[in-house]
Amino acid sequence: MADISHPPMDQLQDLEYCIDSNPPWLETILLAFQNYILMLGTTVMIPTFLVPLMGGNYGDKVRVIQTLLFVSGINTLMQTLFGTRLPAVVGGSPAYIIPIVYIINDSSLQRIPESHERFIQTMRAIQGALIVASSIQIILGYSQVWGLFSRFFSPLGMAPVVALVGLGLFERGFPAVGNCVEIGLPMLLAVIGLSQYLKHVRPVKDVPIFERFPILICTTIIWAYSHVLTAGGAYRNRPIKTQQNCRTDRAHLISSAPWFMFPYPLQWGPPTFDAGHTFAMMSAVLVSMVESTGAYKAASRLAIATPPPAYVLSRGIGWQGISVLLDGLFGTGTGSTVSVENVGLLGLTRVGSRRVVQISAGFMIFFSTLGKFGALFASIPFPIYAALYCVLFGLVASVGLSFLQFTNMNSMRNLFITGLSLFLGISVPQYFSDYWGSSLHGPVHTRAGWFNAFLNTIFSSPPTVGLIVAVFLDNTLEVEKSKKDRGMPFWVKFRTFRGDNRNEEFYNLPFNLNRFFPPT
């Protein structure tokens, strides 16, 4: 038995660069650019879906994408410097789509006849809702309430939540690859081949190029291949959906983008405020808080750091609230959360360096102001990103499942909680998604639109459903008898900042700010 035992480890051991160690500068810059390229997928996807519904044109879409990219860079810098300090990219969140669609369909906005004017008024309404709703995260974070609530989190309770942060995004994986399988499938196979089978091949001495930069290499090759297919007429007379997913010239981003644009607060005009819009948006803020908590847990493990203590978790949620506030002030069209795909990239490249993510934030800000250059990279067909998501979301899901090593999985209680929370975390949101597809509205369909948007958003989020089920059951079923089985002895020392001396190395604020903001 001694030869096959694998004792639980609170830190992964086979990553090469941890949160505080940095690769050589050239590697660091290329890794940062790789992070930037990866986060463009979601950054382009959300405005591409929402802006036409709001009445905006191609120029409006480009401007929203540039604003979202600019603010994402600022939010990522703030989070890595003053928030959790984990190497986590903060970008646009799809969790906000349901309440935003509710705002778009507001009858007072739909009555505006001129499309561009409707876009402007809708954007102002979204801004007002984001500004007020951000107060939830700010209050729950800086008051330490979220940290106190996190004391109910055990390894058993968080394993399905973190796993569902990855598994819950399965619709953005192979279903999107299948929209253009001749591009998506080669991309998927190329990433797996380079990052896993060829990772020990080193064309340049001492630099594992294929392991470090699989996304840069594969994206360049497959993007060029898709451009050849487009230029060669492979998609002429093909269905509209195929052309939109496969062609490299259907995004209309490069022609619509200005050469230079500097986003600024209130660029769409003064925000408007509506109580119903705000209540609906609050649901997305709560969902993004749960999803980010799971992503922070995964990022800490992939950065070879200790699990973030309650104080650090609260600090991160507080700064994320400020991020949503900035989204509202600048008018990004959506709120912010931690980018799950960029968390998975830490594991794929085996580099958890904070500096890499901070430099990638610089790329976001730089390319958001240079419109034509940013639009060039943003025109990569989405099936290429979908292939990457298959790998990266799966990595994040497996990190969540790795928390089960701290628990007793020979316990029927633990098997029941894990299985039920995972199954309902996938099944309930799928029911809500299918209902939307067939009825064009969610299962909750009362006369109060804000109430519908609130509940439909909460139960459309796999990590949120998983957290509700797992944490409730874990803290009500045979709690006293099952402390060891739940894995609490492994995590109890990480609840407080002073509980482990490694926390100061990972989570201390820069510039000696801990003197003014001591951990509590």
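The values are calculated or read from the model by the stated rules, or taken from the named source; none is laboratory data. The model shown is predicted, which means the values in this text are computed figures rather than measured ones. Note: ideal-geometry Cβ built from the backbone for every residue, glycine included; neighbour counts use all protein chains shown. Accessible surface is based on the protein model in full, side chains and every heavy atom, while ligands, DNA and RNA are left aside. Shrake-Rupley method; radii C 1.70, N 1.55, O 1.52, S 1.80 Å.
In the chain, the DSSP-assigned H stretches of four residues or longer account for a calculated mean residue ellipticity at 222 nm of -20000 deg cm²/dmol, using -39500 (n - 2.57) per stretch and the full residue count as denominator.
With a 1.4 Å probe and all protein chains left in place, how much of the accessible area of region 238-315 comes from carbon and sulfur atoms, in whole percent?
Carbon with sulfur: 65 percent of the solvent-accessible area.
Applying a 4.7 Å Cβ-Cβ cutoff to the chain, the cysteines left without a disulfide-compatible partner are Cys18, Cys218, Cys390.
Within the straight-line cut-off of under 18 Å between alpha carbons, the lysines reachable from Lys297 are Lys493, sequence neighbours fewer than 8 places apart in one chain being disregarded. Ligands, DNA and RNA excluded, the heavy atoms of Val204 present near 70 Å² of accessible surface to a 1.4 Å solvent probe.
According to the square roots a ≥ b ≥ c of the eigenvalues of the Cα gyration tensor, what is the shape class of region 225-307, taking rounded for a/c under 1.5, prolate for a/b larger than b/c otherwise, and oblate for the remainder? Note, shape of region 225-307 comes out oblate. For the chain, the solvent-accessible area works out to 40 Å² per residue, with a probe of 1.4 Å and every protein chain left in place. Of all aspartates and glutamates in the structure, the ones whose alpha carbon falls short of 18 Å from that of Lys199, not counting any fewer than 8 places away in one chain, are Asp14, Glu16, Glu27, Glu211. Remark on region 56-190: hydrodynamic radius 18.7 angstrom, per the Kirkwood mean of 1/r across alpha carbon pairs. A cut-off of 5 Å between modelled amide H atoms, ignoring neighbours fewer than 5 places along the same chain, links Val90 with Thr76, Ser339.
Exposure check, 1.4 Å probe, all protein chains in place: Phe170 carries approximately 90 Å² of accessible surface.
Taking a ≥ b ≥ c as the square roots of the eigenvalues of the alpha-carbon gyration tensor, region 406-481 is classed prolate because a/c is 1.5 or more and a/b outweighs b/c.
Expressed as a whole percentage, what fraction of the accessible surface of region 1-85 belongs to carbon and sulfur atoms when a 1.4 Å probe is rolled over the protein heavy atoms? Each step should come with its number before you reach the end.
Working: 2260 of 3350 Å².
Ligands and nucleic acids excluded, carbon and sulfur give 67 percent.
Charged neighbours of Phe153, selected by a Cβ distance under 12 Å, balance to +3 (K, R count +1; D, E count -1).
Remark: the Cα gyration tensor places region 1-45 in the oblate category, a/c being 1.5 or greater and a/b not exceeding b/c. Peptides 179-185, 284-290 ranked from most to least packed, by the mean per-residue count of other Cβ atoms within 10 Å: 284-290, 179-185.
Converting phi to 3J(HN,Hα) with the Karplus coefficients 6.51, -1.76 and 1.60 and the offset θ = phi - 60°, region 198-215 yields 10, 5, 8, 7, 10, x, 9, 3, 6, 10, x, 4, 5, 7, 7, 10, x, 6 Hz in sequence order, with x at every glycine or proline.
Out of every Cα pair in the chain, what percent are spaced more than 44 Å from each other?
11
The alpha-carbon of Lys372 sits under 20 angstrom from the alpha-carbons of these lysines, leaving out residues fewer than 8 places away in its chain: Lys61. Heavy-atom accessible area, probed at 1.4 angstrom with all protein chains present, ranks Ile139, Ile365, Ile458 as Ile139, Ile365, Ile458, highest first.
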